[in-house]
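Inspection log for the structure reproduced underneath, given as structure tokens.
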Amino acid sequence: MGNDISKVVIKRLPRYLRVLELFMEREVERVSSKELAIKLGSTASQVRQDFNCFGDFGQHGYGYKVKDLYAKIKEILGLNKKYSCILVGAGNIGQAIINYSKFSNIGFDIEAIFDINPKLVGVSFRGIEVCDVENLDDYIQKNDIDIAILCVPEIQTLQTYEILKNKVRGIWNFATVDLNPTDYTSVENVHLNDGLFTLVYFINNRN
Ligand code: NAI
């Protein structure tokens, strides 16, 4: 499984989870591919095709059991485990992520924070003291870190990437410079602007 599935399908799975959560809140037990498709702005055949990539989830004509499907998608994504995380760059975006407590509730524990600014070193956020970034290399060599959340300015991004790559399993990169994955380190580049720019297009193209 896993590696053979297209990235486009994988990227749709978190959306399925969000929709299934809504069905669970309403205590809906079974859902058809058509009902899922309507919520997602997709088609029933697209939904069935996506789920077929992972084996057969449903019974023809009976739809999917909401709780089972939710659990299965979480398992496929690997959300049934905990992940050790560090955050590098405790500025505006970094602090917003640290202060969003829901990440730790769903298994993403920020264990250490690093920054270059002496005014931030020693300050605590949600009980975690900011360390000098000079200690970053040593820390990730001694600790098994799954994910580094990277929130440093553009100009510092590549040098921080050099320290992180091949030592952490994944980088969630908020800096504007896109980073490449390596054999060991997966990368997800995040651009909040993309959503904003798409919104602007729709504001300007209503008819
Ligand atoms: P900020 O200036 O508030 O925070 C950056 C932090 O990184 C500061 O605390 C600074 O001391 C620290 N820092 C600088 N060099 C460092 C290093 N070598 N190691 C560790 N820490 C270091 O910046 P802000 O607003 O939080 O933005 C952070 C990054 O996110 C920037 O690259 C910015 O361009 C980018 N950004 C990305 C967006 C997105 O959609 N992905 C949206 C807005 C900004």
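Rule-based calculations on the coordinates, nothing more; no lab input. Predicted, not measured: the structure shown is a model, and the values here were computed from it. Every residue, glycine as well, gets a Cβ built from its backbone with ideal geometry; the counts of neighbours run over all protein chains shown.
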Taking 0.36 nm per residue of separation and subtracting the Cα-Cα distance, what length does fully extending TYR62 through ARG126 add? 18.4 nm
Region 90-116 scanned against label point 7 Å out from GLU134 along Cα→C-beta; backbone N under 14 Å for 115-116
Fully extended contour minus Cα-Cα distance, from LYS7 to ARG26, at 0.36 nm per residue: 3.8 nm
log10 I(q)/I(0), Debye, Cα-only region 50-115, no solvent, q = 0.16, 0.20, 0.22 Å⁻¹? -0.67, -0.81, -0.89
What is the projected area of the convex hull of the Cα atoms of region 23-81, averaged over all directions, in nm²? 4.1
Note to self, the chain gives a 222 nm [θ] from helices alone (DSSP H runs n ≥ 4, -39500 (n - 2.57) apiece, / all residues, nearest 500) of -13000 deg cm²/dmol
For region 1-156, the Cα-Cα pair-distance distribution in 5 Å bins from 0, as whole percents, is 2, 8, 15, 16, 13, 10, 11, 10, 8, 5, 2, 0, 0
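Which pairs, out of LYS11/LYS142; LYS119/LYS165; LYS65/LYS165; LYS7/LYS167; LYS119/LYS167, put more than 29 Å between their alpha-carbon atoms?
Values: LYS11/LYS142 32 Å; LYS119/LYS165 27 Å; LYS65/LYS165 40 Å; LYS7/LYS167 23 Å; LYS119/LYS167 27 Å.
Pairs exceeding the cut-off: LYS11/LYS142; LYS65/LYS165.
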What percent antiparallel are the DSSP beta bridges of region 1-160, to the nearest 5? 25
